[in-house]
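Here the structure comes first, spelled out in structure tokens, and everything after it is commentary.
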Amino acid sequence: MSATAKKTAPMPSDILARKGGTPLVCLTAYTTPFAQLTDPHCDIILVGDSVGMVHHGLPSTIGVTMDMMVMHGQAVARGLKQAMMVVDMPFGSYEESPEQALRNAARIMRETGAGAVKLEGGVTMAPTIEFLTNRSIPVMAHIGLTPQAINTLGGYKVQGRGEDRERIMADAEAVAKAGAFSVVLEKVPASLADEITAAIPIPTIGIGASAGCDGQILVIDDMLGLFTAFKPKFAKRYATLGDDADKAIADYADEVRSRAFPAAEHVFGDKAPEPKK
Ligand code: KIV
């Protein structure tokens with residue numbers, strides 16, 4: 001590539017071609033500054049519906065709306081130069097029918113410029129995935145623990161242990177057959193994630209799955225230590241920015257109360273400075 005050539009975002013076919021290769025690096029982002037920070041290091045940026053919990057104080061992802069996903073998708077798009085942007089379809093925006101899913105996925109792609117959408121569900125959602133991919137909407141699937149289904153799954157439990165293993169394997173095979181270009185495997189036993197990765201032709205992206213997956217994803221606020229309400233076992237903290245922010249804000253409050261801030265260098269004199277010659 002020449003020094004001036006602009007790197008373009010990977011297409012679904014590029015992601016598919018990474019099956020079995022160097023692992024795909026994926027993170028979530030919800031705002032322009034974090035899109036700018038993550039873009040140079042990642043293959044895929046997911047505008048996850050986790051935004052509802054980490055930025056809107058919701059107790060789960062169930063209250064997230066289409067308008068929220070579109071707004072955060074637009075903000076992230078402004079900060080990306082080279083990574084593929086995938087936007088989550090929120091709860092209630094695709095389950096009713098393939099037609100409803102198409103209407104909302106098309107809105108997400110039209111209004112945010114996303115390269116693909118992600119939706120939760122395996123065998124049940126396979127016809128919808130096929131309907132979308134046949135109509136020019138690339139789909140990343142999401143199986144295992146599907147957070148939009150916590151009320152029927154009974155909480156944020158590991159999925160696919162014991163007799164449940166076959167259900168998750170069937171989900172993986174169904175979404176791959178339906179045309180998804182990749183699949184997120186969330187909170188499944190490592191041995192099952194490895195078995196699925198070997199069995200299906202599309203990249204698996206693990207979160208609480210296995211290092212043997214074709215890629216990994218984490219929620220950015222978890223890995224930076226910004227979201228501290230709870231810490232899932234799989235969410236390795238690479239920084240403690242929440243603690244740093246707490247200290248900075250406490251220092252500011254002390255300095256305001258003691259009048260140490262603003263100091264001379266932060267205030268303005270009566271006269272404009274001489275123009276530089
Ligand atoms: O919403 C989200 O951030 C996700 C990831 C955890 C995969 O779906």
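The values are calculated or read from the model by the stated rules, or taken from the named source; none is laboratory data. This structure is a prediction, so every number in the text was calculated from the model and none was measured. Ideal geometry is used to build each Cβ from the backbone, glycine not excepted, and the neighbour counts take in all protein chains shown. Calculation scope for accessible area: heavy atoms of the full protein, side chains included, ligands and nucleic acids excluded. Shrake-Rupley method; radii C 1.70, N 1.55, O 1.52, S 1.80 Å.
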Among Leu185, Leu226, the single one that is open to solvent by less than 20 Å² (accessible area, probe 1.4 Å) and touching a helix residue (DSSP H, G or I) at 6+ places or on another chain (Cβ under 6 Å) is Leu185
Please determine, by comparing only the residues of the range 201-223 that are in contact with a Cys (Cβ under 9 Å, 6 or more places away or on another chain) and open to solvent by 20 Å² or more (accessible area, probe 1.4 Å), which one is farthest from Tyr30 (Cα to Cα).
Gln216
Would you please name the residue that is nearest to the ligand (Cβ to nearest atom), looking only at residues in the range 52-78 that are closer than 19 Å to Arg107 by Cα and of a type in the set (Val, Ile, Thr)?
Val64
Between Ile207, Ile196, Ile202, which is over 23 Å from Gly52 (Cβ atoms), out of contact with any Gly (no Cβ under 8 Å at 6 or more places or on another chain) and free of Cβ contacts under 8 Å to residues at least 40 places away in the same chain?
Ile196
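One line per residue, one yes/no per condition, for (1) modelled with pLDDT of 95 or more; (2) farther than 25 Å from Pro23 by Cβ:
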{"position": "Ile108", "(1), (2)": "yes, yes"}
{"position": "Gly122", "(1), (2)": "yes, no"}
{"position": "Leu132", "(1), (2)": "yes, yes"}
{"position": "Thr146", "(1), (2)": "yes, no"}
{"position": "Gly154", "(1), (2)": "no, yes"}
{"position": "Asp164", "(1), (2)": "yes, yes"}
{"position": "Ile168", "(1), (2)": "yes, no"}
{"position": "Gly179", "(1), (2)": "yes, no"}
Scanning the range 34-75 residue by residue, the ones that are acidic (Asp, Glu) and surrounded by fewer than 20 Cβ atoms within 10 Å (Cβ to Cβ) total 2
Some residue of the range 250-273 being within 16 Å of the ligand (Cβ to nearest atom) and open to solvent by 30 Å² or more (accessible area, probe 1.4 Å)
no
Counting just the residues of the range 16-28 that are of a type in the set (A, V, I, L, M, F, W, C) and farther than 17 Å from Met53 by Cα, which one comes out surrounded by the fewest Cβ atoms within 10 Å (Cβ to Cβ)?
Ala17
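Each row is one residue, and each column tells you yes or no for (1) within 22 Å of Val64 (Cβ to Cβ); (2) without any contact (Cβ under 8 Å) to a residue 40 or more places away in the chain; (3) open to solvent by less than 80 Å² (accessible area, probe 1.4 Å); (4) not aliphatic (A, V, I, L, M).
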| position | (1), (2), (3), (4) |
| --- | --- |
| Asn134 | no, no, no, yes |
| Met140 | yes, no, yes, no |
| Tyr156 | yes, no, no, yes |
| Gly162 | no, yes, yes, yes |
Note on Ser210: of the conditions (1) over 14 Å from the mean Cα position of the chain (by Cα); (2) polar (S, T, N, Q); (3) within 24 Å of Ala35 (Cβ to Cβ), unmet is (3)
Taking the condition away from the ligand (no atom under 13 Å from the Cβ), free of Cβ contacts under 8 Å to residues at least 40 places away in the same chain, within 18 Å of Ile108 (Cα to Cα) and open to solvent by 20 Å² or more (accessible area, probe 1.4 Å), does Thr31 pass?
no
Take Leu80 and tell me if it is open to solvent by 30 Å² or more (accessible area, probe 1.4 Å), of a type in the set (A, V, I, L, M, F, W, C) and under 23 Å from Val25 (Cα atoms).
yes
Quick one: in the range 199-242, of everything that is β-branched (Val, Ile, Thr) and farther than 23 Å from Lys177 by Cβ, which residue is farthest from the ligand (Cβ to nearest atom)?
Thr240
Would you mind telling me which numbered condition in (1) of a type outside the set (Ser, Thr, Tyr); (2) farther than 19 Å from Gly206 by Cβ; (3) more than 16 Å from the ligand (Cβ to nearest atom); (4) open to solvent by less than 40 Å² (accessible area, probe 1.4 Å) Ala176 fails?
(2)
